[in-house]
Amino acid sequence: MTRDLYLAPVPDSAGAPGSFHRVHVLARLDGAVTRLTLPADIVVEWADDQGLAGTADLLAAIVRPRGPFAGLALDRPRLMGVVNVTPDSFSDGGDLASPAAAIAHGLALRDAGADILDVGGESTRPGANPVSIDEELARVLPVVSGLAAAGACVSIDTRNAAVMQAALEAGARIVNDITALTGDPQALAVVAARRCPVVLMHMLGEPRTMQADPRYGHVTCDVFDHLEGQVAACRAAGLAVDDIAIDPGIGFGKTVAHNTTLLRDAGFFLGLGGPVLYGVSRKTFIGKLSRGEAPKERVAGSIAAGLAAVARGAHILRVHDVAETAQALAVWSAIGASEPDAAS
């Protein structure tokens with residue numbers, strides 16, 4: 001699925017991404033992608049003059065109120081806390097060596113402000129090798145069931161349909177798939193049968209090779225097109241648009257320039273209609289933009305990137321450092337919501 005027009009709102013003020021009078025435009029014109037900013041009230045007329053279709057639908061998708069996602073109202077930014085039960089994840093591999101440790105960590109993240117706990121049993125860092133289904137199940141199921149029994153909202157981070165099915169039966173409420181339900185031919189059927197909320201992430205290639213010279217025509221347009229096709233597949237299978245979250249896949253087959261562009265362009269993904277999720281926490285591009293810090297020393301950069309995504313309309317951030325991100329969001333939101341008094 002390829003379109004010729006993409007729109008993103010220009011927020012009127014910090015902390016108010018739903019209020020806008022101008023739009024950023026990406027348009028395929030004369031064989032190239034053109035970027036410009038236009039008043040919102042003339043963009044339909046401009047697009048019609050250019051022979052570009054779909055403007056009204058994109059504007060409607062941008063402004064439509066999002067319903068709850070997995071029972072969570074999206075009236076404020078939500079946090080998805082990372083609970084990796086893997087020996088080889090790039091940032092925290094081996095930190096949680098037992099189900100008890102992982103459950104305790106997840107509950108601590110919830111207490112610190114995480115709304116969702118994302119349990120993963122297979123590392124998908126660049127160069128990672130896949131693990132067997134049996135091994136992944138052994139890692140995640142005790143943790144999913146333990147967290148769900150404690151009342152947590154759990155997502156299962158997997159690309160394997162058998163793991164999705166077992167985790168949902170164990171109490172997970174959300175499927176978070178780095179392949180956007182394309183990695184396993186049964187994945188869409190599992191999600192559709194349960195009508196469960198899903199996170200569709202974009203990845204170029206697969207983890208072992210995804211960082212080997214990734215290339216795009218235009219990264220924002222290409223990622224949008226791919227995810228739009230997967231949203232359409234989910235809708236055709238019976239999922240509601242509010243149950244289909246979109247993740248542009250920072251770091252998954254992207255260069256530093258691709259990642260920064262996708263963060264700058266976060267607002268365009270509102271055009272897909274559902275919640276927008278960004279996972280930037282501790283990722284390599286942060287160190288490359290700074291001083292080459294190790295993953296656990298990238299907290300400040302992670303928060304900066306996350307706030308940039310939220311300022312452009314993102315609804316959910318997937319993070320390792322929940323307490324720090326929650327604090328930053330609280331201050332950022334209070335500043336954005338405040339009105340200057342007459343004396344200021």
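The values are calculated or read from the model by the stated rules, or taken from the named source; none is laboratory data. What you are looking at is a predicted structure, and each value in this text was computed from that prediction instead of being measured. Every residue, glycine among them, receives a Cβ derived from its backbone with ideal geometry; neighbour counts consider all protein chains shown.
In segment 257-344, which helices (runs of 4 or more DSSP H) lie fully inside it and hold 1 or more residues that are surrounded by fewer than 24 Cβ atoms within 10 Å (Cβ to Cβ), in contact with a strand residue (DSSP E or B) (Cβ under 6 Å, 6 or more places away or on another chain) and assigned by TED's automatic domain parsing to the domain that holds Gln211? Lay out the reasoning, then the answer.
Details: elements: 284-289, 299-311, 322-337.
It comes to 322-337.
Would you check if there is a residue in segment 222-231 being in contact with a helix residue (DSSP H, G or I) (Cβ under 7 Å, 6 or more places away or on another chain), among the acidic types (Asp, Glu) and surrounded by 15 or more Cβ atoms within 10 Å (Cβ to Cβ)? Please lay out each step first, then the result.
At the first step, the residues of segment 222-231 found to be in contact with a helix residue (DSSP H, G or I) (Cβ under 7 Å, 6 or more places away or on another chain) are 223-224, 227-228, 231.
Filter once more, keeping what is among the acidic types (Asp, Glu): 228.
If we keep only those that are surrounded by 15 or more Cβ atoms within 10 Å (Cβ to Cβ) too, we end up with 228.
Yes - at least one qualifying residue is present in segment 222-231.
Do any residues in segment 110-138 that are more than 13 Å from Met80 (Cβ to Cβ) and at pLDDT 90 or above have Cβ atoms under 7 Å from those of residues that are charged (D, E, K, R) and assigned to a helix (DSSP H, G or I), where the two are at least six apart or on different chains, and which pairs are they?
Every condition considered, the pairs that remain are Gly121/Glu136; Gly121/Arg139; Glu122/Glu136.
Looking at Gln230, is it at pLDDT below 95 and either aliphatic (A, V, I, L, M) or not assigned by TED's automatic domain parsing to the domain that holds Phe20 (or both)? Outline the logic, then answer.
Working: at pLDDT below 95: no; either aliphatic (A, V, I, L, M) or not assigned by TED's automatic domain parsing to the domain that holds Phe20 (or both): yes.
So Gln230 does not fit the description; no.
Looking at Glu169, Glu206 in this structure, which one is at pLDDT below 95 and out of contact with any Phe, Trp or Tyr (no Cβ under 9 Å at 6 or more places or on another chain)?
Going through Glu169, Glu206 in turn, just one is at pLDDT below 95 and out of contact with any Phe, Trp or Tyr (no Cβ under 9 Å at 6 or more places or on another chain): Glu206.
Give the residues of segment 67-96 that are in a loop (DSSP other than H, G, I, E, B), touching a helix residue (DSSP H, G or I) at 6+ places or on another chain (Cβ under 6 Å) and modelled with pLDDT of 95 or more, sorted by residue number.
Within segment 67-96, Gly67, Pro77 qualify.
Out of segment 23-45, which residues are farther than 18 Å from Ala60 by Cβ, among the β-branched types (Val, Ile, Thr) and out of contact with any helix residue (DSSP H, G or I) (no Cβ under 8 Å at 6 or more places or on another chain)?
Across segment 23-45, the qualifying residues are Thr34, Thr37.
Of all residues in segment 30-45 being out of contact with any Pro (no Cβ under 9 Å at 6 or more places or on another chain) and among the hydrophobic types (A, V, I, L, M, F, W, C), which is surrounded by the fewest Cβ atoms within 10 Å (Cβ to Cβ)? Before you say what the answer is, go through the steps one by one.
The initial filter retains those residues of segment 30-45 that are out of contact with any Pro (no Cβ under 9 Å at 6 or more places or on another chain), namely 30-39, 41-45.
Next cut, among the hydrophobic types (A, V, I, L, M, F, W, C) only: 32-33, 36, 38, 42-44.
Values: Ala32: 9, Val33: 15, Leu36: 11, Leu38: 17, Ile42: 12, Val43: 23, Val44: 15.
Residue satisfying both the conditions and the ranking: Ala32.
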